[in-house]
Amino acid sequence: MASLILLIGLAFRAALMLSFRLEPPGDPDNYLPLARSLADGQGFRIADRPTAYRPPLYPLALAPGVAGLGLPATAWVAALHLISGAAAITLTGLAAHRWGCPDRATALAMLVVAIDPVLASQTRGVMTEPLAAALVAALLASVGPVVAIGGALRTGLLAGLAALCRPSLLPASLLIVAALAILSPGRWPRRASRAGIMLAALAATMAPWAIRNALVLGSPVWTTTHGGYTLYLANNSAYYDDVLAGSMPVWTGANQARWFAEVNRLADGMPEPQADRWFRRQAVQVMLDRPAEAARASLERIGRFWAVAPSSAVYGRGLRWLTAAWTIPVWGLLGLGLLRRSSWQWPRVAAPLALLSLALVHSLYWTDLRMRAPVVPAIALIVAGVTAPRGPGAPVTVDPMRRNVVGG
């Protein structure tokens with residue numbers, strides 16, 4: 001069954017990438033130029049300037065195929081996304097198995113990742129979502145019922161890699177550290193030491209990037225210099241006027257164009273870390289000046305994150321109905337899963353922590369429903385938990401990563 005689900009997931013992604021025969025995948029965030037700069041030995045540079053505007057892991061994954069292997073960029077993007085898809089499906093199944101799920105629940109978790117339309121559709125562009133979802137699945141699979149020193153190190157390493165691929169996942173990792181300290185088995189000193197080891201491994205994984213940025217940009221940027229801009233994009237007066245006071249389902253038009261031109265003019269010539277801080281200050285000031293609209297904007301973003309279908313202003317009716325037909329029953333099972341006590345016990349608590357922390361992040365920052373793609377493995381595991389044993393009543397199972405008998 002697992003092999004069949006894996007083949008279905010890969011076939012679905014391959015079918016979506018057939019459009020590459022007609023035109024190369026879109027690269028709106030300039031990851032391919034970063035990958036070429038890395039492959040040429042120039043480091044993370046855009047327009048001949050060092051940058052930390054994008055997180056480093058995805059360009060690093062692109063670089064070998066883009067230049068080192070001599071493959072066309074499109075071919076390597078397709079290969080990387082298929083590998084990432086296979087990893088996300090397989091590792092979600094491994095997480096479900098380690099958490100004591102029966103075979104049917106494990107198959108359900110894998111199926112959700114295999115054919116979720118939001119996640120699968122991200123294979124069509126040069127975007128971080130496929131790799132980020134694979135790393136989230138790996139992170140969740142590493143969170144076992146019993147946590148040894150090696151397991152804590154592995155989980156911290158994977159948490160750091162996930163944050164270097166998708167910085168918005170960092171809060172989820174920090175919450176898992178807290179859950180490890182509070183909810184995992186064992187006495188308090190043991191739990192605290194394992195949590196400390198995970199946190200140290202996370203920090204050590206991210207430290208080289210921060211050190212590089214301190215040396216090159218003059219500031220130890222741990223994630224990216226893009227966060228302030230994204231916060232300001234979602235919280236500025238022009239956006240509030242057009243989308244909240246107006247009737248725009250998707251922000252576009254003359255006011256948006258003027259806003260882009262103005263912020264680019266004001267930030268021109270600033271070092272990236274300084275511009276990042278400036279954007280953040282502007283956004284915070286707008287939210288303080290217009291608190292009621294800031295609250296409404298956050299609610300609107302939450303609605304977009306959890307939307308059952310993409311916007312009618314961008315996508316056709318057929319695609320929207322198909323997406324809704326899949327998402328509505330999944331959301332029903334997700335709601336039931338979140339109400340189960342076992343979903344909030346160790347190790348299963350890692351899945352709702354990953355999902356809800358990302359939703360909270362995107363209540364403040366620019367968002368749409370594709371932003372939830374990286375945590376589809378977490379959604380799948382919560383859904384699978386509906387048909388799994390309930391926490392302390394779970395049967396004894398064998399943890400394949402430790403090869404000893406542990407409680408589910």
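The values are calculated or read from the model by the stated rules, or taken from the named source; none is laboratory data. Being a predicted model, the structure only gives us computed values, none of them experimental. Ideal geometry is used to build each Cβ from the backbone, glycine not excepted, and the neighbour counts take in all protein chains shown. Calculation scope for accessible area: heavy atoms of the full protein, side chains included, ligands and nucleic acids excluded. Shrake-Rupley method; radii C 1.70, N 1.55, O 1.52, S 1.80 Å.
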Inset, instruction - Give just the number: which of (1) under 19 Å from Gly303 (Cα atoms); (2) in contact with a Phe, Trp or Tyr (Cβ under 6 Å, 6 or more places away or on another chain); (3) not in a loop (DSSP other than H, G, I, E, B) does Trp251 not satisfy? - result: (3)
Inset, instruction - Test Ala132 against the stated conditions and say whether it is farther than 13 Å from Val383 by Cβ, in contact with a Phe, Trp or Tyr (Cβ under 7 Å, 6 or more places away or on another chain) and part of a helix (DSSP H, G or I). - result: no
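Residues that are buried (at least 16 other Cβ atoms within 10 Å of the Cβ) and out of contact with any helix residue (DSSP H, G or I) (no Cβ under 7 Å at 6 or more places or on another chain), at least 3 per element: which helices (runs of 4 or more DSSP H) completely within region 1-103 meet that? Please lay out each step first, then the result.
Details: elements: 2-16, 31-39, 57-63, 73-98.
In region 1-103, no matching helices (runs of 4 or more DSSP H) lie anywhere.
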Inset, instruction - Answer yes or no: is there a residue in region 307-328 that is farther than 30 Å from Thr252 by Cβ, at pLDDT 95 or above and not polar (S, T, N, Q). - result: no
Legend entry - Any pair with Cβ under 6 angstrom, 6 or more apart, that starts in region 146-167 at a residue that is free of Cβ contacts under 8 Å to residues at least 24 places away in the same chain and open to solvent by 10 Å² or more (accessible area, probe 1.4 Å) and ends at one that is among the aliphatic types (A, V, I, L, M) and assigned to a helix (DSSP H, G or I): Leu158/Ala138; Leu158/Leu139
Inset, instruction - Identify the residue in region 193-238 that is part of a loop (DSSP other than H, G, I, E, B) and over 23 Å from the mean Cα position of the chain (by Cα) and, among all such residues, is surrounded by the most Cβ atoms within 10 Å (Cβ to Cβ). - result: Asn236
Inset, instruction - Might you check whether a residue that is out of contact with any strand residue (DSSP E or B) (no Cβ under 9 Å at 6 or more places or on another chain), farther than 20 Å from Ser343 by Cα and surrounded by fewer than 23 Cβ atoms within 10 Å (Cβ to Cβ) occurs anywhere in region 132-139? - result: no
Inset, instruction - Run Ala120 past the list (1) part of a loop (DSSP other than H, G, I, E, B); (2) buried (at least 21 other Cβ atoms within 10 Å of the Cβ) and report the number of the one that doesn't hold. - result: (1)
Inset, instruction - Residue by residue through region 249-287, note down the ones that are open to solvent by less than 70 Å² (accessible area, probe 1.4 Å), without any contact (Cβ under 8 Å) to a residue 60 or more places away in the chain and within 21 Å of Asp368 (Cβ to Cβ). - result: Trp251, Gly253, Asn255, Gln256, Ala257, Trp259, Phe260, Val263, Phe279, Ala283, Val286, Met287
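Would region 282-292 turn up any residue that is part of a helix (DSSP H, G or I) and farther than 18 Å from Gly228 by Cβ?
Yes, region 282-292 contains at least one residue that is part of a helix (DSSP H, G or I) and farther than 18 Å from Gly228 by Cβ.
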Legend entry - Number of positions in region 259-305 that are among the hydroxyl-bearing types (Ser, Thr, Tyr) and closer than 11 Å to Asn236 by Cβ: 0
